[in-house]
Amino acid sequence: RGYCSRRLRRLRKTLNFKMGNRHKFTGKKVTEEILSDNRYLLLILMDAERAWSYAMQLKQEANTEPRKRFHLLSRLRKAVKHAEELERLCESNRVDAKTKLEAQAYMAYLTGMLRFEHQEWKAAMEAFNKCKTIYEKLANAFTEEQAVLYNQRVEEISPNIRYCAYNIGDQSAMNELMQMRLRSGGTEGLLAEKLEALITQTRAKQAATMSEVEWRGRTVPVKIDKVRIFLLGLADNEAAIAQAENEETKERLFESLLSECRDAIQAVREELKPDQKQREHSLENDSGKVSNIQYLHSYLTYIKLSTAIKRNESMAQSLQKALLQQQRSDEDGKRSPRPQDLIRLYDIILQNLVELTQLPGLEEDKNFQKEIGLKTLVYKAYRCFFIAQSYVLVKKWSEALVLYERVLKYAREVQSGAGAHRNSLKELPDVQDLITQVNAEKYSLQAAAILDANDPHETESPSQVKDGKPLSERFETFCLDPSLVSKQVSLVHFPPGFQPIPCKPLFFDLALNHVAFPPLEDKVEQKAKSGLTGYIKGIFGFKS
């Protein structure tokens, strides 16, 4: 919208087609007589695009402010009005046939968008079909490079046509919409929210007939509508994830499924709060058996944690492929995956498995606990394997070898304890492949360790050892120090360190206490006795 406004201002200034001055507005219209420059048609096109982009902005804001929907419809009507004017001007003899067809398709598209918002499905479908037909003809009439743009427009319009057909009454359009949503990795524009609402509405109709769900031999009634809708769409979402063509689409579908699951869990939690006392009473009566609503909460939490594990496992597999390709190509440039990234993913998976074992109502289920224990061993084996790989990169051969032995220990425990739980381990990575890979890595590690020990170039020479001393303290020794040409060169210790110096001596006269001085009484003048006579003599100045 901002770009269109600036472009309009530049075009009017360049064409000297101003709407008056700063004091007075003088409206002008583009007519066929002044179509000497094709930029006059751009004026009308920018007006229509500005109105349409403003409508799309209001579409986003209308989610929180419903009153803006009226302004949205007004802007769309304004865009259609400008498109009609553009189509009328393009009927002039000065305009070529290609531009005329594009103007008609543009007019049909905006009309279809307006009817789509008004939920006039038949009129919207006719307008979109007209637009699609024009673009298909243009794609066939020009070169392949130009046809790519027209075919792209046809693909953008097709979901809108199928959505209109579904609302008119064509039930087969729903499956096609789901396939389009899956192939494109998500719809955009006005159709995105409407398609999601349509899917929710369809599931809501089916949810009216759903009253209970069975999990691990226990049937639980489902009375919350949001939970019913989620459970009905669970199989479709899992099928869509399995059919996803690329990792981005799969990741988006995983996030969507987890978001819906969190909403369903929140709805169950709100039902659990007022039912707290009743649940405690049922625990006492049923000898520790959890209530139905608590068991349903455990089931939804199990779905959430299992989905998170599948998502992290999918990410781990993609990282393993990228890591293998990196080892083959060794390309430089952007950041490449490391074994540490895989360790983090397996840490999260193991944490999710710990949470699964703590679900209320499943503490006494021995089969469930056994399955989770086996899955934990599988993921621990893979985690140890990639920790060993990270040690190999830094040439810590002994640590890596110990970890490889730990991987084999975990894998053998899985194979010996699988037994009747092999069906639950089918979805997990195959530990036999891991054992084969670890055996190969062990031989490679031992060979690398022997070569590393016998390689003289790897041993450090005194001239290459950095002891951390500054340059002023190693003038007599040659040392290859690249830091000397850097900004953090170490020349001297600054500030200098403290050095010991002798203290100023302190003198204590200890002999004085042991010195015997000679008597001096004979050398001291005896003082005369004083009395009244002496006092009188002193007054008058007489001396004795």
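The values are calculated or read from the model by the stated rules, or taken from the named source; none is laboratory data. Bear in mind the structure is a predicted one, so any value in this text is a computation, not a measurement. Positions of Cβ are generated from backbone atoms using ideal geometry, with glycine treated the same way; all protein chains shown enter the neighbour counts. Please note that ligands, DNA and RNA were not included when accessible areas were found on the heavy atoms of the full protein model with its side chains. Shrake-Rupley method; radii C 1.70, N 1.55, O 1.52, S 1.80 Å.
Structure data summary
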{"item": "Selection count, the stretch 470-481, where residues are at pLDDT 75 or above and open to solvent by 100 Å² or more (accessible area, probe 1.4 Å)", "result": "2"}
{"item": "Residue in the stretch 49-56 that is modelled with pLDDT of 90 or more, acidic (Asp, Glu) and more than 17 Å from LYS100 (Cα to Cα) present", "result": "yes"}
{"item": "Within the stretch 4-27, tally of residues that are free of Cβ contacts under 8 Å to residues at least 40 places away in the same chain and in contact with a helix residue (DSSP H, G or I) (Cβ under 9 Å, 6 or more places away or on another chain)", "result": "8"}
{"item": "Residue count, the stretch 76-85 (criterion: within 44 Å of the chain's Cα centre (by Cα) and open to solvent by less than 60 Å² (accessible area, probe 1.4 Å))", "result": "5"}
{"item": "Selection count where residues are part of a helix (DSSP H, G or I) and open to solvent by 20 Å² or more (accessible area, probe 1.4 Å), scope the stretch 62-72", "result": "4"}
{"item": "Subset of the stretch 32-61 [over 17 Å from GLU91 (Cβ atoms), assigned to a helix (DSSP H, G or I), of a type outside the set (A, V, I, L, M) and open to solvent by less than 60 Å² (accessible area, probe 1.4 Å)]", "result": "ASP47, GLU49, SER53, TYR54, LYS59, GLU61"}
{"item": "Some residue of the stretch 435-458 being surrounded by 11 or more Cβ atoms within 10 Å (Cβ to Cβ), outside any loop (DSSP other than H, G, I, E, B) and modelled with pLDDT under 75", "result": "no"}
{"item": "Filter result (basic (Lys, Arg) and in a helix (DSSP H, G or I)) within the stretch 94-123", "result": "LYS98, LYS100, ARG115, LYS122"}
{"item": "Whichever residue in the stretch 262-279 is of a type in the set (Lys, Arg) and modelled with pLDDT under 80 and, among such residues, is least open to solvent (accessible area, probe 1.4 Å)", "result": "ARG279"}
{"item": "In the stretch 342-386, residue surrounded by the most Cβ atoms within 10 Å (Cβ to Cβ) [restricted to those that are at pLDDT below 85 and of a type in the set (Asp, Glu)]", "result": "ASP365"}
{"item": "Verdict on ARG115 being under 30 Å from THR31 (Cβ atoms), touching a helix residue (DSSP H, G or I) at 6+ places or on another chain (Cβ under 6 Å) and open to solvent by 70 Å² or more (accessible area, probe 1.4 Å)", "result": "yes"}
{"item": "Helices (runs of 4 or more DSSP H) enclosed by the stretch 124-234 - at least 2 residues per element that are at pLDDT 55 or above and among the acidic types (Asp, Glu)", "result": "144-168, 190-207"}
{"item": "Qualifying residue in the stretch 501-512 (condition: at pLDDT below 80, among the basic types (Lys, Arg) and out of contact with any His (no Cβ under 6 Å at 6 or more places or on another chain))", "result": "no"}
{"item": "Any hit, the stretch 318-335, residues being modelled with pLDDT under 85, assigned to a helix (DSSP H, G or I), open to solvent by 20 Å² or more (accessible area, probe 1.4 Å) and touching a helix residue (DSSP H, G or I) at 6+ places or on another chain (Cβ under 8 Å)", "result": "yes"}
{"item": "Residue among LEU89, LEU15 that alone is of a type outside the set (Ser, Thr, Tyr), farther than 20 Å from MET107 by Cα and open to solvent by less than 80 Å² (accessible area, probe 1.4 Å)", "result": "LEU15"}
{"item": "Residue match in the stretch 242-261 (condition: more than 14 Å from LYS310 (Cβ to Cβ), open to solvent by less than 70 Å² (accessible area, probe 1.4 Å), at pLDDT 75 or above and hydrophobic (A, V, I, L, M, F, W, C))", "result": "no"}
{"item": "Cβ-Cβ under 8 Å pairs, at least 6 apart or on other chains, the stretch 152-166 side within 12 Å of MET113 (Cβ to Cβ), far side open to solvent by 20 Å² or more (accessible area, probe 1.4 Å) and among the polar types (S, T, N, Q)", "result": "none"}
{"item": "Test: residue in the stretch 39-55 that is polar (S, T, N, Q) and either farther than 26 Å from GLU126 by Cβ or out of contact with any Phe, Trp or Tyr (no Cβ under 9 Å at 6 or more places or on another chain) (or both)", "result": "no"}
{"item": "Residue within the stretch 92-99 that is open to solvent by less than 10 Å² (accessible area, probe 1.4 Å) and under 21 Å from ASN129 (Cα atoms) present", "result": "no"}
